[in-house]
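Since the structure comes first, as structure tokens, the remarks are kept for the end.
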Amino acid sequence: MKRVLGVSFLMCMMLLLALTFPVNRARAQKDRRIHGGPVRPEEEPFVPGRVLVRFRENVGLDHARQIVAALGVREDGVLPATGVLVLSLPEQADEAAFANALASRPDVEFAELDRIVKAADITPNDPWFVNWEWHLRRIAAPTAWTTTTGKETVIIAILDMGINGNHEDLSSKMVPGWNVYNNTSDTGDTGGHGTTVAGTAAAISNNGTGVASVCWGCKIMPVRISDSTGSATYSSIANGLTWAANHGARVANISYAPLNNSSTVTTAANYFRSKGGVVTVAAGNEGTFDSSSNNPSMITVTATTSSDQLYAWSNTGNTIDLCAPGNVYTTDMSGGYSAGGGTSYSAPIVAGVAGLLFSINPNLTPDQVENILKSSADDLGPSGPDSSFGFGRVNAARAVDMAGGPAPVDATPPSVAITSPQMNSAITGLVSASVLATDNVGVTSVTLSVDGTLIGTDVIAPYTFIVDTTTMADGTHIIAANATDAAGNIGYASIAVNVFLDTVSPTVTITSPTEGSKVSGNISVSVKATDNVSVSRVELYVDGALQSTSTVSPFSTPWNTRKVKTGTHTIQCKAYDSFGNLAWSPAVRVSK
């Protein structure tokens, strides 16, 4: 119990230091933008003074609020349906340090900055105009339309800058939406991005006017999540997803990047999926590689050319699920039509195909829709899924055909590995356990058990758990992890660990200087310290006062004798092991 309280005390001290340390990266970044100098990647903009946190399921909301209050920060509310608390930090706080310290608490599932993300858009290029319909032919949309052009009962939510709902190719397609950014019903487009994205997914078609879209019959729900410059926050995106889910949307498109690393947005996307819908997001247009693990809560889309090559500006990475054409001709905010390019438009193409699938078979689950989209895609690049094209370029005709028949059978179980603790390692106290789980379609949940007793369930990668060994008997125990996919396939992994309570104290002796010797100047006090497990540190005390500490064997602690008076002095060392056991060395008297 003392050790647990000690850990909690250290965490609290880390959080308090983060609150009082006079650094603010958002303000430093702002200064660089005003006065010149580059903005480093780790300094992507975020809302100053704000941290988003979600406590673990066994921590009630009232208890969570008590913890937050004890840390001296203000709670500004809870994001609906996610359990994510919005915290307001003092002016002088270091947001990143506070979020990192908060995330290290065993009762916290995640904590992160409320980062600001930009629309995944690039400058249009006029030569694309002449081939504005090639993207529809490339995904075999005309063939798909012979089966369905979409139904009005299926709503595609466009989370963006708003939409020009008076556009001739959009007006009859609109359903009421919401302005999350201003908390009003005004969902008009403030920058043009949202209108172009909406027209790509579901503009009116076959009407002799304007452009055709992927899903003619589906309705459009405008959800404004950004300011007038196109910048949105994790919290506004999460609120937009939950609002759309609660108001009947089956598909949500977010042409913003990057989003896969946000636990807040992932939690909201899981809520959207729990309501029966799927979320499509843009990969981004910086031409960079995202090394983070795949996020099964969202369908991330890269952009391809008319010859099925990856655009050089399209981001790639482990997060990629599908690809789609990256150039379109679409509706614009002025009421006319223009070209658009970027993953901002490949994502709503996939959203439109998802709308076709729900139209032909409204009973499909989100996992079945995602499985169909991946299984029906045209494999590009290396055989099988890869970091550039994902499972391939979306194929609307083949996907619609599969949705009209029996859903594809997924018989492949997830792959599971327990990455921490290690096999046959010795553990004690509160131990963090990490599980790596991957699947050909997507992992829906991971559970961890010890000797057959359930410890917990996690639905968001990375999958982490806290194992409390203080109630376990000494000896060998089996930690097992199960990963389940949407089809009910289960992957399994287990390791053996050794649990014990170490009550043996170290032994410690001062080997130099020796009893009765004379000392002067700067000297090193050499110590021999041993333990049945390991010695973690040794402290030097002179006349009962702590002088220095050593954490590396062979232990040698410095002493500046110039700071003590002439005469006899008593030196003694204290040794600690990793379990908190300690021992004092015999005292040695020396003279100066």
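Rule-based calculations on the coordinates, nothing more; no lab input. Not measured: the values here are computed from a predicted model. Here the Cβ is made from the backbone with ideal geometry for all residues, glycine too, and neighbour counts use every protein chain on show.
Between the stretch 64-113 and the stretch 521-592, how many Å separate their Cα centres? Taking the Cα centre of each part, the stretch 64-113 and the stretch 521-592 sit 40 Å apart.
Per-residue ellipticity at 222 nm, computed for the chain from helices alone with -39500 (n - 2.57) per DSSP H run of at least four residues, works out to -6500 deg cm²/dmol. Remark: relative contact order (the stretch 120-404) = 24 percent; criterion is Cα-Cα distance under 8 angstrom and separation of 6 or more residues. Distance from the C-alpha centroid of the stretch 203-250 to that of the stretch 145-169: 7 Å, rounded to the whole angstrom. The stretch between residue 133 and residue 76, if pulled fully straight at 0.36 nm per residue, gains 15.8 nm over its current Cα-Cα span. Only aspartates and glutamates eight or more places from residue 374 in sequence, or on another chain, were considered; those with a Cα closer than 13 Å are 321, 386, 410, 439. The relative contact order of the stretch 507-591, computed from alpha carbon pairs under 8 Å that lie at least 6 residues apart in sequence, is 38 percent. At a Cα cut-off below 28 Å, give the lysines reachable from residue 565, other chains included and same-chain residues fewer than 8 away excluded. Cross-link targets: 518, 528, 574, 592.
For the stretch 427-434, the Karplus equation 6.51 cos²θ - 1.76 cosθ + 1.60, evaluated at θ = phi - 60°, returns couplings of 10, 7, x, 8, 10, 7, 10, 10 Hz by residue, with Gly and Pro reported as x.
The DSSP beta bridges internal to the chain are antiparallel in roughly 75% of cases.
Of the residues 517, 154, 254, the one whose Cα sits farthest toward the positive end of the charge dipole of the chain, with +1 on the Cβ of Lys and Arg and -1 on the Cβ of Asp and Glu, is 517.
Structural descriptor for the chain: relative contact order 10 percent, calculated from alpha carbon pairs under 8 angstrom and at least 6 residues apart. Identify all lysines with a Cα-Cα distance to residue 275 below 19 Å; exclude those on the same chain that are fewer than 8 residues away in sequence. Qualifying lysines at Cα under 19 Å: 151, 219. Taking 0.36 nm per residue of separation and subtracting the current Cα-Cα distance, fully stretching the chain between residue 504 and residue 292 would add 72.1 nm. Scalar couplings 3J(HN,Hα) for the stretch 568-580, obtained by applying the Karplus form with A = 6.51, B = -1.76, C = 1.60 to θ = phi - 60°, are 8, 9, 10, 10, 8, 10, 10, 10, 10, 9, 6, 9, x Hz; x denotes Gly and Pro.
When restricted to Cα atoms, the chain yields an Rg and a Dmax of 29.5, 105 Å, respectively. For a modelled paramagnetic label at residue 146, 7 Å from Cα along Cα-to-Cβ, the residues of the stretch 375-399 in reach, with backbone nitrogen under 17 Å, are 395-399. Close amide H pairs (under 5 Å, H built 1.01 Å from N) link residue 256 with 120, 282, residues at least 5 positions away or on another chain. Exposure proxy ranking for 224, 537, 137, based on other Cβ atoms within 10 angstrom of each Cβ and starting from the fewest, stands as 137, 537, 224. Given their separation in residues at 0.36 nm each and the Cα-Cα distance between them, residue 166 and residue 471 gain 103.3 nm when the chain is fully extended.
Can you run phi through the Karplus equation (6.51, -1.76, 1.60; θ = phi - 60°) for the stretch 82-89 and list ³J(HN,Hα) in whole Hz, with x for Gly and Pro? Here the 3J(HN,Hα) series is 10, x, 7, 8, 9, 9, 10, 9 Hz.
Against the chain, whose longest principal axis comes from its Cα atoms, helix 61-70 is set at around 50 degrees. The amide H of residue 583, built 1.01 Å from its N in the peptide plane, has 575 as neighbours under 5 Å, considering only residues 5 or more places off or on other chains. Residues whose amide H comes within less than 5 Å of that of residue 174, counting only those at least five positions distant or on another chain, are 220 (H built at 1.01 Å from N in the peptide plane).
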